[in-house]
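Down below is the structure, laid out as structure tokens.
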Amino acid sequence: MKQHFANLVDEEEAQIDMTPMLDVVFIMLIFFIVTASFVKESGIDVNRPEAATAVQKDRANILVAISDSGEIWINKRQVDARAVQANIERLYAENPQGSVVIQADKKATTETLIKVMDAARAAGVFDVSIATQED
């Protein structure tokens with residue numbers, strides 16, 4: 001009878017503790033969420049010009065849209081031309097590996113496009129691209 005009682009105690013002590021494994025899984029989840037890059041939307045749809053030499057751009061995290069009437073949109077809100085640099089600096093500080101992609105409408109003026117490109121370079125982002133449509 002005593003031997004049967006000893007086996008029962010051994011079985012209770014042999015249970016596996018899952019807490020450390022769950023801790024590791026949650027830490028990995030937090031790590032992947034923090035390191036993931038999120039794409040910010042520009043806010044409007046533009047009619048982009050076509051280009052035969054267009055190349056797919058990865059890590060395009062800062063999208064700036066220029067409408068046909070010259071409105072500048074960043075992060076789903078309209079931005080004044082004088083505030084473009086500050087907005088790009090803030091978004092670039094959130095994700096320093098990102099690049100700026102300008103989605104200019106084909107009827108937008110070159111002056112507005114150059115202002116946005118200058119603002120991006122003044123903000124310290126030298127990886128600036130212009131979005132086009134496939135030919």
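Between Phe31 and Ala86, what is 0.36 nm times their sequence separation minus the Cα-Cα distance? Round to one decimal in nm. Before the final figure, lay out the partial values.
On the way: separation 55, 0.36 × 55 = 19.80 nm, distance 2.86 nm.
Extending this stretch completely gives an extra 16.9 nm.
Below 8 Å between Cα atoms, with a sequence gap of 6+, how large is the relative contact order for the stretch 62-132 in percent?
Details: 111 pairs, mean separation 27.5, N = 71.
Normalised by residue count, the contact order of the stretch 62-132 is 39 percent.
What FRET efficiency do you get for Glu111 and Lys76 if R0 is 41 Å and r is their Cβ-Cβ distance, rounded to the nearest 0.05? It would help to have the intermediate numbers written out before the result.
Working: r = 24 Å, r/R0 = 0.59.
Efficiency, from the Cβ-Cβ distance: 0.95.
Please report, in whole Å³, the volume per residue of the convex hull around the C-alpha atoms of the stretch 62-132.
Values: hull volume 5.3 nm³, N = 71.
So the per-residue Cα hull volume is 74 Å³.
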Averaged per residue, the 1.4 Å probe accessible area of the stretch 62-132, protein heavy atoms only, in Å², is roughly 51
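The values are calculated or read from the model by the stated rules, or taken from the named source; none is laboratory data. Everything numeric in this text was worked out from a predicted model, so none of it was measured. Because the Cβ atoms are built from the backbone with ideal geometry, glycine has one as well, and the counts that use them run over all protein chains shown. Calculation scope for accessible area: heavy atoms of the full protein, side chains included, ligands and nucleic acids excluded. Shrake-Rupley method; radii C 1.70, N 1.55, O 1.52, S 1.80 Å.
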